[in-house]
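The values are calculated or read from the model by the stated rules, or taken from the named source; none is laboratory data. Since we're looking at a predicted model, the values are computed, not measured. Positions of Cβ are backbone-derived with ideal geometry, glycine not excepted, and every protein chain shown enters the neighbour counts. Quick note on the areas: whole protein, heavy atoms, side chains included, nothing else; ligands and nucleic acids left out. Shrake-Rupley method; radii C 1.70, N 1.55, O 1.52, S 1.80 Å.
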Amino acid sequence: MMMEKHLRRAGILVSLGLFIQFLTLLPLHPLAFIGFTAFAIPVTAAGIIYFLLSLVRHEETVIGQPVPKERPD
Amino acid sequence: MSLSIVLTLTGLAVALALFTALRRGISRSREGKILAFAALVMLPAVTIWAGFEEHVDRATTTSFCLSCHVMENYGKSLHYDDPSYLPARHFQNHLVPPDHACYTCHTDYAMFGGVKAKLHGLRHIYVQYLGTLPKPADIKLYSPFPNTTCLHCHLGARKFEEVRGHHRTPDELSAIKSGRTSCLSSGCHDIVHEVGDLPGSKLWYGAKQ
């Protein structure tokens with residue numbers, strides 16, 4: 001359930017960053033380049049990093065859980 | 001990569017990232033996890049790189065350089081109907097690619113020349129929007145125009161190697177090649193943009209169809 005939440009947040013960040021990139025590609029203007037480097041790249045990178053960190057944390061949580069005891073036959 | 005491809009790739013990446021974000025239970029299956037990794041890491045990374053390439057490439061176009069108001073007169077100076085103006089002669093005879101005219105002559109062909117040009121460009125944007133704009137005629141180069149930029153195309157060309165003006169003294173040609181004699185500021189090819197000459201000058205905008 002927690003992983004789903006992280007996935008949703010990362011997805012929204014990535015799609016927002018890429019949407020900004022889409023908008024900056026439409027006009028041919030120096031400010032579009034600034035918008036791309038100042039907003040599109042950081043927001044998308046934040047989404048990617050957030051997703052990767054949530055993967056690592058999820059793995060750590062799974063590894064840290066006690067192993068279920070085997071039932072005697 | 002063309003703009004339409006980058007735009008399509010970006011649109012696809014946005015759609016896939018949104019689908020991954022809004023689809024419930026996607027992380028429960030193995031296929032869902034692979035899709036999430038592709039949609040939130042691989043495809044965005046490729047898309048951002050393609051976007052960066054596109055932005056850097058379009059920053060070298062003539063229309064990009066002339067999109068700032070202060071450069072308008074420099075753009076007009078490419079259309080002087082007089083071949084003694086060096087940029088006009090190069091632009092009108094396609095001695096430089098017309099779509100990349102500014103960048104061809106105003107970038108350093110040494111290592112990191114493109115990076116240096118981009119950093120200068122960032123400074124120009126700062127001055128354009130937050131600083132005090134100079135008058136077009138007061139705009140100066142950061143450093144004297146280097147011969148290496150001219151030699152990038154002219155070196156080895158018969159016209160350059162054999163023209164009488166380059167052999168007035170025995171070591172004239174070697175002085176030009178080594179940069180001891182400047183192409184632009186030694187009195188030989190010193191008529192460049194001269195935006196102050198614009199009022200009243202005849203301009204040429206291409207052959208009539």
* Only one of (1) crowded, with 18+ Cβ neighbours inside 10 Å; (2) within 9 Å of chain A (Cβ to nearest Cβ); (3) more than 20 Å from residue A:18 (Cβ to Cβ) fails for residue B:39. Which number is that? -> (3)
* Asked: Which of the residues spanning the stretch A:1-12 are in a helix (DSSP H, G or I), open to solvent by 60 Å² or more (accessible area, probe 1.4 Å) and either more than 7 Å from chain B (Cβ to nearest Cβ) or among the polar types (S, T, N, Q) (or both)?
  -> A:2, A:5, A:9
* Asked: Would it be correct to say that residue B:78 is more than 14 Å from chain A (Cβ to nearest Cβ), among the aliphatic types (A, V, I, L, M) and either touching a residue at least 40 places away in the same chain (Cβ under 8 Å) or open to solvent by 20 Å² or more (accessible area, probe 1.4 Å) (or both)?
  -> no
* Check whether at least one residue in the stretch B:159-178 is under 17 Å from residue B:77 (Cα atoms), in contact with a Leu (Cβ under 7 Å, 6 or more places away or on another chain) and not acidic (Asp, Glu), and report yes or no. => no
* To do: Six or more apart or on different chains, Cβ under 8 Å: which pairs go from a residue in the stretch B:181-196 that's open to solvent by 40 Å² or more (accessible area, probe 1.4 Å) to one that's in a loop (DSSP other than H, G, I, E, B) and modelled with pLDDT under 90? Could you list them?
  => none
* Answer yes or no as to whether residue B:48 is assigned to a helix (DSSP H, G or I), among the hydrophobic types (A, V, I, L, M, F, W, C) and open to solvent by 50 Å² or more (accessible area, probe 1.4 Å). => no
* more than 11 Å from chain B (Cβ to nearest Cβ) and either at pLDDT below 95 or more than 30 Å from residue B:122 (Cα to Cα) (or both), is that true of residue A:70? -> yes
* Asked: Restricting the stretch B:8-36 to residues that are within 16 Å of residue A:20 (Cα to Cα) and at the interface with another protein chain (Cβ under 7 Å from one of its Cβ atoms), which is nearest to the chain's Cα centre (by Cα)?
  -> B:10
* Asked: Among helices (runs of 4 or more DSSP H) lying entirely in the stretch B:76-166, which contain 1 or more residues that are within 25 Å of residue A:31 (Cβ to Cβ)?
  -> B:101-105, B:113-130
* Here is a list of conditions, (1) of a type outside the set (A, V, I, L, M, F, W, C); (2) open to solvent by less than 60 Å² (accessible area, probe 1.4 Å); (3) in contact with a strand residue (DSSP E or B) (Cβ under 9 Å, 6 or more places away or on another chain), and residue B:202 meets all of them except one; can you say which number that is? -> (2)
* How about the stretch B:88-115: which of its residues are closer than 17 Å to residue B:57 by Cβ and of a type in the set (D, E, K, R)? -> B:99
* In the stretch B:10-32, how many are part of a helix (DSSP H, G or I) and open to solvent by 40 Å² or more (accessible area, probe 1.4 Å)? -> 8
